[in-house]
Amino acid sequence: MDAPEQARRLSGLYDDVLGGARPATEPRPLVAASWERSLAAAVDPELDAPPMVLEQRMVEELRANHPLRAVLPVLRQTLTTIADEASHIMIVTDAQGMILWREGAADVKRTADRIALSEGAVWSEDQIGTNGMGTALAVGKPVQIHSAEHLVRRIHEWTCAAAPVHDPDTGKLLGAVDVSGPLRTVHPAMVALVTAAAQLAEGQLKVRMAAADEMLRARNMRHLMALGDAPGALLTPTGRVLAVQPLEWLPDRLVVPDGADRIELGDGREGLVERLDEGYLLRMPGTPVRRSRPSLRLKLLGSGQPVAVVGGREIALTLRRAEVLALLLLQPTGLTAEQLMLQLYGDEGNPTTVRAEMHRLRNLLGGGVLDTKPYRIIADVTGDVTEVQAALRNGDLRQALDLYAGPLLARSDAPALRAERDELDATLRRAVLDAADPDLLWRFAQTPTGAEDLEIFEVLDTALPATDHRRPAVAARLHRLDS
């Protein structure tokens with residue numbers, strides 16, 4: 001059955017059901033149940049459009065912190081080109097059905113504006129009745145809603161397919177991804193396409209969660225090690241178990257009520273929970289806690305003075321000491337004096353100079369931070385440069401830009417660090433250009449590396465909408481760089 005014929009059949013069925021007549025056929029069970037929910041919510045089938053809840057400025061504020069923002073490049077790559085070619089639009093909503101993003105064919109967007117199929121409107125079932133996004137959110141699975149399957153008559157000229165996206169950590173609904181278009185553009189593959197896009201988005205969120213887990217585990221493992229051989233576990237802020245040392249049995253997730261210091265472990269035992277900066281430490285009653293290793297935080301990016309923070313004590317570093325610590329941070333298995341010499345000075349160095357510098361550095365940082373034979377960091381160490389590298393490896397470009405303050409030790413001429421600096425800057429730059437996201441391009445353009453990059457500003461000039469308030473600044477910088 002072709003699309004116009006199917007639309008005529010559905011329209012007759014719609015009139016029969018809502019008019020109280022006995023229909024020749026029944027609506028799909030999915031659609032019938034959705035109509036029931038929508039009518040129970042007092043949705044008027046003759047409604048013009050859903051409510052516009054937020055203006056554009058407030059939508060931008062809401063989506064700035066929404067989890068689905070991180071996977072928008074994946075959704076664009078999967079759906080927008082196809083949506084353009086098929087005269088459709090791609091839509092992403094939050095869990096309440098509010099449209100946060102809408103992209104695709106310009107003529108379809110203009111048509112969609114007439115029914116408030118636009119950013120800031122709520123397309124939940126209880127606001128606009130049966131529709132792809134709202135019904136996908138209501139039933140928690142992919143759906144396709146065609147023509148007169150929509151409860152509201154004014155939307156009968158549209159067809160849409162949508163799939164929900166869930167948080168891989170908690171399983172909670174985050175929102176829906178939808179492809180909508182005029183009735184003549186219906187295609188049976190659309191529901192498979194949005195399903196694949198939603199699965200890709202959830203996969204990307206899972207990768208991001210794994211990266212966050214890795215960083216949380218690295219920062220907090222010292223608390224678990226402080227228990228010695230006693231049983232215990234590290235938990236995420238949502239109660240998911242990250243690391244365990246001998247416990248007879250523990251579920252994958254524990255419920256930690258706000259303010260609780262004791263929790264049930266699910267088998268009759270009770271554990272003690274201690275709130276950490278991120279997540280929780282679980283231990284058994286009576287477990288002694290031994291002294292943990294010192295923490296070391298290295299701030300090595302940007303044009304400011306490099307800094308080491310040891311157990312909360314901030315220490316300004318000379319360039320040479322910062323270079324040594326940067327090399328040991330980047331090579332956690334350690335380096336001999338001869339290897340450090342080559343990476344700092346090339347063939348013209350002297351191992352004796354390196355040993356003397358290491359002696360002074362160990363005295364400066366205190367005990368338990370550096371070890372010898374080989375030289376390596378034995379404190380619980382984190383660093384801005386390695387966190388940027390980890391974010392890039394995991395495809396989290398927004399996190400990488402949050403952490404990137406500028407080049408690695410910009411004044412350093414050490415051969416190994418020059419190579420690391422150039423590789424990090426080039427990798428970040430390439431990732432930003434490939435993402436083709438105006439906001440990410442703008443953020444990179446504000447860094448010392450991006451501020452002098454002609455290509456970045458040329459791409460920004462093309463990517464920013466004509467009405468964007470940043471265009472004058474981009475034009476001025478382009479003029480300066482070009483001349």
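Ignoring aspartates and glutamates fewer than eight residues from Lys299 along the same chain, the ones with Cα atoms less than 12 angstrom from its Cα are Glu314, Glu323, Asp384, Glu387. Of the listed residues Glu455, Glu264, Glu348, the order by accessible area with a 1.4 Å probe, largest first, is Glu348, Glu264, Glu455.
Per residue, the convex hull spanned by the Cα atoms of the chain amounts to 189 cubic angstrom. For the stretch 19-70 versus the stretch 176-221, the inter-centroid distance based on Cα atoms is 22 Å. Per residue, the accessible area of the chain comes to 47 Å², computed with a 1.4 Å probe over protein heavy atoms only.
Leu75 contributes an accessible area of around 0 Å² to the protein surface, as traced by a 1.4 Å probe with all chains present. Using Cβ point charges alone (K and R +1, D and E -1), the dipole size of the chain about the Cα centre works out to roughly 1440 debye. Spread over its residues, the convex hull of the C-alpha atoms of the stretch 152-264 is 152 Å³ per residue.
In terms of accessible area, using a 1.4 Å probe and ignoring ligands and nucleic acids, Met221, Met215 rank largest first as Met221, Met215. Once the Cα atoms are used to define both axes, helix 3-19 deviates from the longest principal axis of the chain by about 70 degrees. Nonpolar atom fraction for the chain, defined as the carbon and sulfur part of the 1.4 Å probe accessible area, stands at 50 percent. The aspartates and glutamates within cross-link reach of Lys141, meaning a Cα-to-Cα straight distance under 16 Å and a gap of 8 or more places when in the same chain, are Asp94, Glu125, Asp167, Asp178, Glu202. Considering only Pro251, Val179, Gln204, and ranking their Cα positions along the charge dipole of the stretch 160-283 that arises from unit charges at the beta-carbon of Lys, Arg, Asp and Glu, the one farthest toward the positive end is Val179.
The values are calculated or read from the model by the stated rules, or taken from the named source; none is laboratory data. Nothing here was measured: the structure is a model prediction, and the numbers come from that model. Note: ideal-geometry Cβ built from the backbone for every residue, glycine included; neighbour counts use all protein chains shown. Keep in mind that these areas ignore ligands, DNA and RNA; they rest on the heavy atoms of the full protein, side chains included. Shrake-Rupley method; radii C 1.70, N 1.55, O 1.52, S 1.80 Å.
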